[in-house]
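The block underneath contains the structure these notes are about, expressed in structure tokens.
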Amino acid sequence: MVGRVARFKSGIGIALLAGAVAFGASGCGGSASATSAKGSASPVAGGASASTSASASPSASPSPTHPAGPPLQLDTIYPLDGETVGVAQPISIVFTHSVASSARKAVEQALKVTTSSPMTGAWHWFSSTRVDWRPQSYWPSGTKVSVNADLNNVGDGNGRWGTHDYHHSFTIGADVEAKVDAPGHSMKVYKNGSLIKSMPIDAGSPTFPSWDGTMAVIDKQAEVRMTSCSVGISCDKSSPNYYDITLPWDVHLTTSGTYVHYSTGDPWPGHSYGSHGCVHLSLSDSEWFYNLVQPGDPVTITGSPRGNTPGDNGYAAFTLSWSDWLSGSAAGELPTTVG
């Protein structure tokens, strides 16, 4: 199933849920493009407000040494300060205004990543306002990470200058990975490298295929209202593809609306193409998976005819090869500071 009540602010989709609000489209279809998966206008799953937690809070700064002009500011930094996330979660920064190509190397060099163990990573610009950082491979479980955006006196190439620095620290949790074989109708879940559960699934139909690729969990909700009209499938109530339904145990993978969840229209998955692009589990399996995963855990789907999801369709950084990731970086790969 797919759906959302379409509202947008700052380029970030907000889905109307049963008693809550989630990021992006609340279903399985729609186009794939996003400024930020978790933005300053959207409450975070579990009740925290991204405007008070994901949004960037500046610290004190010295007197400027640059020409007068409006400030270069961050809209959001994710992960949240103090959060624990999965091994595929990139650092994602969204600026309030565009950063010119000529200024991106200096901006990247001002965005310093510190880790508790040495590793190599790089920034990647998905747009003129969004830049994400990831290590070359998944984060090691237990890594302590800090990002210090020391933007004082850094220009954006468009007349804005940094007047603050911003700091977020977070921790990488357990290594939980899910691998979905779409044509094989199966999902295997691994924890710290060991298989802990295999489950039957149904993925998207040939008409509405699922995305391939590695998608880090954005958030999860116990219930999500899903509507076909909200993601452009059908607004015609007489259409066989029309739906407006609230479904349980929803794990959110993309801002275009991909979820892993239970569907009343496909209660015993494992043998058909029962979705409009989501991954269907049985009721008991969907509850088990919902209770296991956290934001940043990777779900990798293979075998779907749709092709790979764009890397900014939520947090799909690890869908990109390392060479493709570096092609979007101005400063290239750099070792982290160890501390």
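Points worth noting:
- Within the same chain, aspartates and glutamates fewer than 8 places from Lys179 are excluded, and of the rest, those with a Cα less than 16 Å from its Cα are Asp202, Asp212, Asp285, Asp297.
- According to the Cα-based calculation, Rg over Rh for the stretch 177-249 is 1.03, with Rh computed by the Kirkwood formula.
- Placing a pseudo-label 7 Å from each Cα along the Cα-to-Cβ vector at Asn291 and Ser141 gives an inter-label distance of 1.9 nm.
- For the residue pairs Lys112/Lys144; Lys144/Lys220; Lys105/Lys144; Lys144/Lys188, the alpha carbons lie more than 21 Å apart in Lys144/Lys220; Lys105/Lys144; Lys144/Lys188.
- Taking label positions 7 Å along the Cα-Cβ direction at both Lys112 and Ser327, the computed distance is 3.2 nm, reported to one decimal.
- Considering only Trp123, Thr143, Gly159, and ranking their Cα positions along the charge dipole of the stretch 121-167 that arises from unit charges at the beta-carbon of Lys, Arg, Asp and Glu, the one farthest toward the positive end is Thr143.
- Cα gyration tensor category, rounded, prolate or oblate, for the stretch 139-277 with a/c compared to 1.5: oblate
- Placing pseudo-labels 7 Å out from each Cα toward the beta carbon at Ala100 and Ser239 gives an inter-label distance of 4.5 nm.
- Net charge of neighbours whose Cβ lies under 14 Å from the Cβ of Gly311, counting Lys and Arg as +1 and Asp and Glu as -1: -2
- The separation of the stretch 281-319 from the stretch 173-193, counted between C-alpha centres, amounts to 9 Å.
- Using Cβ point charges alone (K and R +1, D and E -1), the dipole size of the stretch 257-339 about the Cα centre works out to roughly 120 debye.
- Each Lys or Arg adds one and each Asp or Glu takes one away; over the other residues whose Cβ falls under 14 Å from the Cβ of His97, this sums to +1.
- Ranking Leu247, Ser282, Gly232 by Cα position along the charge dipole of the stretch 197-339, where only Lys, Arg, Asp and Glu carry charges on their C-beta atoms, puts Gly232 farthest toward the positive end.
Since every read-out is calculated from the coordinates, none of them should be taken as a lab result. Please read all numbers here as calculations on a predicted model, not as lab measurements. Cβ coordinates were reconstructed from backbone atoms using ideal geometry, including for glycine residues, and neighbour counts include every protein chain displayed.
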